[in-house]
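What follows is a short report on a single structure.
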Amino acid sequence: MKNSEDNLNKLIEGSFISEQNSKKIHGQRMLRAAVVQSIYESEISKTKNRELIVTSEYYENCSEERKTMAKLIFQYAIDNENIIDEKILEHIDDKNIGRISIVDLSILRMAISELKVNNKAPVGVVVNEAVELANIFGSDSSKNFINGVLHSMVR
């Protein structure tokens with residue numbers, strides 16, 4: 001059953017973002033989108049390649065300062081995946097991380113990593129940006145799910 005679930009996730013989430021939604025990404029959101037895309041690729045490919053981030057189109061469009069921050073956030077997410085996932089599981093009813101869509105999981109990992117790495121970013125901004133990315137990348141229920149998990153964590 002596990003194998004068929006993985007294949008289903010790949011089919012459903014195969015096209016990461018539509019051309020129409022990609023126009024909504026600019027500024028600081030570009031940094032976060034680069035990290036989310038890289039975490040997503042890492043999860044799909046089952047690799048922990050730290051250089052994945054430099055292949056992101058969103059990363060290429062970031063300033064040098066944002067590129068540095070994106071790399072830090074991505075590295076934290078990759079290096080601490082198990083700790084981050086445990087933290088997520090503490091704030092959801094279903095204790096099976098495999099039931100969270102890969103897009104939603106990538107956004108949550110990005111937001112949690114940014115909160116740990118970037119002490120200049122206000123918590124509310126990180127949460128709101130994660131919800132916006134969920135609105136762009138995720139399903140209809142993604143933004144509510146991500147908002148609920150992150151608000152539960154930061155209380």
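Only the coordinates and a few stated rules stand behind these numbers; no lab work does. Keep in mind that what you see is a predicted model, and the values were worked out from it rather than measured. We place every Cβ from the backbone using ideal geometry, glycine too, and count neighbours over all the protein chains shown.
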*Would you check if Ser101 is in contact with an Asp or Glu (Cβ under 6 Å, 6 or more places away or on another chain) and among the polar types (S, T, N, Q)?*
no
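Take the conditions under 23 Å from Ser152 (Cβ atoms) and out of contact with any Phe, Trp or Tyr (no Cβ under 7 Å at 6 or more places or on another chain) and apply them to Ser56. Does it pass? Don't jump to the end; show me each part of the working.
Details: under 23 Å from Ser152 (Cβ atoms): no; out of contact with any Phe, Trp or Tyr (no Cβ under 7 Å at 6 or more places or on another chain): yes.
No; evaluated as a whole, the condition is false for this residue.
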*Listed residues Lys120, Lys143; which is more than 21 Å from Ser45 (Cα to Cα) and not in a helix (DSSP H, G or I)?*
Lys120
*Residues of the range 26-45 being within 19 Å of Asp79 (Cβ to Cβ) and either outside any helix (DSSP H, G or I) or of a type in the set (S, T, N, Q) (or both), which ones?*
Gln37, Ser38, Ser42, Ser45
*Tell me which residues, restricted to the range 36-60, are buried (at least 18 other Cβ atoms within 10 Å of the Cβ) and either touching a Gly at 6+ places or on another chain (Cβ under 6 Å) or among the small types (Gly, Ala, Ser) (or both).*
Ser38, Ser42, Ser56
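Table: residues versus (1) of a type in the set (Ser, Thr, Tyr); (2) more than 16 Å from Ala33 (Cβ to Cβ); (3) more than 12 Å from the chain's Cα centre (by Cα).
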site: Asn80; (1), (2), (3): no, yes, yes
site: Gly98; (1), (2), (3): no, yes, yes
site: Val103; (1), (2), (3): no, no, no
site: Leu115; (1), (2), (3): no, yes, yes
site: Asn118; (1), (2), (3): no, no, yes
site: Asp140; (1), (2), (3): no, yes, yes
*State all residues of the range 56-109 that are in contact (Cβ under 8 Å) with a residue 12 or more places away in the chain and of a type in the set (Val, Ile, Thr); if no residue qualifies, say none.*
Ile73, Ile78, Ile84, Ile88, Ile92, Ile97, Ile100, Ile102, Val103, Ile107
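Only one of these is surrounded by 22 or more Cβ atoms within 10 Å (Cβ to Cβ) and farther than 20 Å from Arg66 by Cβ: Leu133, Leu108. Name it. Before the answer, list the steps.
Numbers: Leu133 fails: farther than 20 Å from Arg66 by Cβ.
One residue alone meets the criteria, Leu108.
Consider Val125 carefully, then state whether it is out of contact with any Lys or Arg (no Cβ under 6 Å at 6 or more places or on another chain), more than 24 Å from Asn49 (Cα to Cα) and without any contact (Cβ under 8 Å) to a residue 12 or more places away in the chain. Please lay out each step first, then the result.
Values: out of contact with any Lys or Arg (no Cβ under 6 Å at 6 or more places or on another chain): yes; more than 24 Å from Asn49 (Cα to Cα): yes; without any contact (Cβ under 8 Å) to a residue 12 or more places away in the chain: yes.
Here the answer is yes, as Val125 does meet what is asked.
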